[in-house]
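Remarks on the structure that follows.
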Amino acid sequence: MSVSVQIPSASVRRDAETEPLIDSRNRKGDQPTTTIKEDSVLSNKTVPHKNKYSLSSVSCFGVDLTPDNFAVAMVYFVQGVLGLARLAVSFYLKDDLHLDPAETAVISGFSSLPWLVKPLYGFISDSFPLFGYRRRSYLVLSGLLGAFSWFLMATFVDSKYSAAFSILIGSLSVAFSDVVVDSMVVERARGESQSMSGSLQSLCWGSSAFGGIVSAYFSGSLVDAYGVRFVFGATSLLPLITSAVSVLVKEQPVRSPARGVSLGNGFIESSKNNFTQLWGAVKQPSVLLPTLFIFLWQATPQSDSAMFYFTTNKLGFTPEFLGRVKLVTSVASLIGVGLYNGFLKKVPLRKIFLVMTLVGTALGMTQVLLVTGLNRQLGISDEWFAIGDSLIITVLGQASFMPVLVLAARICPQGMEATLFATLMSISNGGSVLGGLIGAGLTQVFGVTKDRFDNLAFLIVLCNLSSLLPLPLLGLLPGEEPDTKESTDIEMKSN
């Protein structure tokens, strides 16, 4: 796609990543929420049905806020509120470490690597319970790991290599906790009505979105008032919430197998069977060809880092102002979801991808007006143009990414939906990382640095036009329109 804006959410959770707020392309897939393998759901039903232990009369989105459900909501909230440090990371790499846009883009791509192997985390948590628990213990570990990574950023990090390592650790902690809490949601959704399953997903999405909006409001002003190190220190306290609420998770202890068994034949045999089953599903043309399209559609180059440097170094946008823009785009992404659910979810996928790509490419070109200053000749200030442009691009960016989730859920064969969906999302994220790295290379080729933007307009035009390249492959997508029941099921899986 050709528009650019980060998608806040349980669906786009690259919280440690350094993404600028004023973008020129669509950051397609910032880590959508996925579930873990089907085997784990069937073999790990350790959580009692809610009416067996629910004493709470408080509800949210139609879901009783039992201790268990409250813990799930809080983990999703933390994933959203960790965006508090995103602007601080961007300014730290630019102003403290004095990195060029290309180097910043490479670090962003490097920090996204943990999101490419999410099915592995599900397998680890299912196969190796810590202290007798598959969920609770890994939530504690993820929270501590995240707190440690941001503590390093607040104290010891002083080079691009140590910064990249710390951001990578923080990204790993979020990705692992994401898989664990997703598996808990899947377990609760089983045996429930369609309405209750939708309410569970609404609780998760609403919690993450609320956290993203809260962090957006404070992210810029805190950087302006107290500096990036303070923001890193404050952010280091947030993952501890994940560790704290893990005690509320209702989970029966499991007996760990003997060490020789868990690390020996049982582990190897299980891994071999899982891989064989997964590969057998992926190599089917009905799965492989749409997956190839998703990867290529995500892998077109991006110029996000270059635009961030331009808006801050050339236009003088302050952290406080960018925080306001981030708040606007966070709310706008919710509008994008509503746009898709209200008007587009019954439209054939090929038509959505075609129209959204063409419209997105045209809207992405509006960034050239900001770079060349034509907006001021039209009587529109840089600030108002940036807010309005980001608002429109974010709505379209979110609405255009929803079909990716729908397509991934739709091509999953019966019996291993969770595993394959997580794998497809990892492939999608891999395409997005590749697009970022290609964008970093083009930024270097065009000579765009932290204080030179002569060729930035050409970079934006090239990145946007490249989004049209996957369109001839639209024939790889399924062409039929799903019926109403299938659309509802797909929406549940994609959530």
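Quick notes on this one:
- Taking 30 Å as the limit for the C-alpha separation, the pairs K160/K326; K283/K345; K118/K314; K326/K450; K314/K345; K283/K351 exceed it in the case of K118/K314; K314/K345.
- Mean separation of Cα contacts under 8 Å, 6 or more apart, over the residue count of segment 280-478: relative contact order %: 48
- In this simple spin-label approximation, D454 and K272 carry label points 7 Å from Cα along the Cα→Cβ vector, and these lie 6.2 nm apart.
- Scaling the Cα radius of gyration of segment 61-251 by the globular reference 2.2 N^0.38 Å produces a ratio of 1.06.
- Per residue, segment 61-251 exposes an accessible area of 34 Å² to a 1.4 Å probe, with every protein chain left in place.
- Sorting 373-382, 446-455 by average packing, meaning the other beta carbons within 10 Å per residue, from highest down gives 446-455, 373-382.
- Fraction of accessible area attributable to carbon and sulfur, segment 61-251 (%, probe 1.4 Å): 71
- Heavy-atom accessible surface of segment 280-478: percent carbon and sulfur, 1.4 Å: 69
- Take every pair of alpha-carbon atoms less than 8 Å apart whose residues are at least six positions apart; their mean separation over the length of segment 61-251 yields a relative contact order of 48 percent.
- Segment 358-397 shape via C-alpha gyration tensor axes, a/c threshold 1.5: oblate
- Shape summary: segment 280-478 maps onto an equivalent ellipsoid whose semi-axes, from the alpha-carbon gyration tensor, are 33, 19, 15 Å in decreasing order.
- Modelled label positions at L292 and I124, each set 7 Å beyond Cα in the direction of Cβ, lie 3.2 nm from each other.
- Residues of segment 322-372: accessible area per residue with a 1.4 Å probe, Å²: 42
- Prolate/oblate/rounded call for segment 74-125, Cα gyration tensor, a/c under 1.5 rounded: oblate
The values are calculated or read from the model by the stated rules, or taken from the named source; none is laboratory data. Note that this is a predicted model, so its numbers are computed, not measured. No Cβ is skipped: glycine too gets one built from the backbone with ideal geometry, and neighbour counts run over all protein chains shown. Side chains are part of the model used for accessible areas, which takes the heavy atoms of the whole protein and leaves out ligands, DNA and RNA. Shrake-Rupley method; radii C 1.70, N 1.55, O 1.52, S 1.80 Å.
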